[in-house]
Amino acid sequence: MTEPGQEIIYMDAVLTPNASLSRRAFLLVMGLTVVMSIFSSLIFMPMGAWPVAGFFGLDALALWGAFVWVRRRARQETRVRITADRILMHHRDGGGREKTAEIPAAFARIELDEPVTPTSWLRIEHGRTAFVIGRFLTPKERKSLAEGLRTALQRARCERHPA
């Protein structure tokens, strides 16, 4: 039995997307891209094809922008905590905006469409409300998380209604 004021946490999962590159690798890739763009531009400029240098610069800028966008999205985080009484979900997106939802564990359902495909979303449902979590997870990771959530939710319910 737990002490008053304390509750057993059956699951406390923090979900984050995989990072595509470390900061050091990002700087290395961008450095190589800039060096190659400059070198290639120097080859074309004496031939009178000076606009090519601008296009190489635009390529490097587009690559930098894509990496920045991916790194910002990789900063998102979702936390799911299951106790006997409730499921608490807290999501922080890449821009720092936060959302929190709390639903009673007694009436929650964990849903994942079978067979699991890239468009099968993992949902925590309560009544007509559904919270999609882990969109960035692979189908195999979603299935594993769904099984873990179901197990934790079942254990939490057993605390409320012991056999």
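The values are calculated or read from the model by the stated rules, or taken from the named source; none is laboratory data. In this text, all values refer to a predicted model and were calculated from it rather than measured experimentally. A quick note on method: Cβ atoms are made from the backbone with ideal geometry, for glycine too, and the neighbour counts reach across all protein chains shown.
Consider segment 1-52. How many of its residues are modelled with pLDDT of 90 or more and among the charged types (D, E, K, R)?
Residues in segment 1-52 being modelled with pLDDT of 90 or more and among the charged types (D, E, K, R): 2 in total.
What single numbered condition from (1) assigned to a loop (DSSP other than H, G, I, E, B); (2) touching a helix residue (DSSP H, G or I) at 6+ places or on another chain (Cβ under 7 Å) fails to hold for Met30?
Of everything listed in (1) assigned to a loop (DSSP other than H, G, I, E, B); (2) touching a helix residue (DSSP H, G or I) at 6+ places or on another chain (Cβ under 7 Å), Met30 misses just condition (1).
Given the conditions (1) surrounded by 14 or more Cβ atoms within 10 Å (Cβ to Cβ); (2) assigned by TED's automatic domain parsing to the domain that holds Thr129; (3) at pLDDT 90 or above, report the number of the one that Asp93 does not fulfil.
(3)
Using beta carbons and a limit of 9 Å, which pairs, at least six apart or on different chains, have the first residue in segment 16-44 and in the same structural domain as Gly54 (by TED's automatic domain parsing) and more than 27 Å from Arg142 (Cα to Cα) and the second one among the acidic types (Asp, Glu) and surrounded by 11 or more Cβ atoms within 10 Å (Cβ to Cβ)?
Thr33/Asp59; Ser37/Asp59
Looking at Phe67, Phe44, which is the one that is over 20 Å from Arg135 (Cα atoms) and in a helix (DSSP H, G or I)? Walk me through it before giving the result.
Working: Phe67 fails: over 20 Å from Arg135 (Cα atoms).
Of the residues listed, the single one that is over 20 Å from Arg135 (Cα atoms) and in a helix (DSSP H, G or I) is Phe44.
Determine whether segment 114-122 contains at least one residue that is within 18 Å of Val80 (Cα to Cα) and either of a type in the set (S, T, N, Q) or in contact with a Phe, Trp or Tyr (Cβ under 9 Å, 6 or more places away or on another chain) (or both).
As a first pass, look at segment 114-122 and keep what is within 18 Å of Val80 (Cα to Cα): 121-122.
Now restrict to residues that are either of a type in the set (S, T, N, Q) or in contact with a Phe, Trp or Tyr (Cβ under 9 Å, 6 or more places away or on another chain) (or both): none.
Scanning segment 114-122, I find no residue that is within 18 Å of Val80 (Cα to Cα) and either of a type in the set (S, T, N, Q) or in contact with a Phe, Trp or Tyr (Cβ under 9 Å, 6 or more places away or on another chain) (or both), so the answer is no.
With respect to Glu159, is the statement that it is in contact (Cβ under 8 Å) with a residue 12 or more places away in the chain and assigned to a strand (DSSP E or B) true? It would help to see each step written out before you state the result.
Numbers: in contact (Cβ under 8 Å) with a residue 12 or more places away in the chain: yes; assigned to a strand (DSSP E or B): no.
Spelling it out, it is not the case that Glu159 is in contact (Cβ under 8 Å) with a residue 12 or more places away in the chain and assigned to a strand (DSSP E or B).
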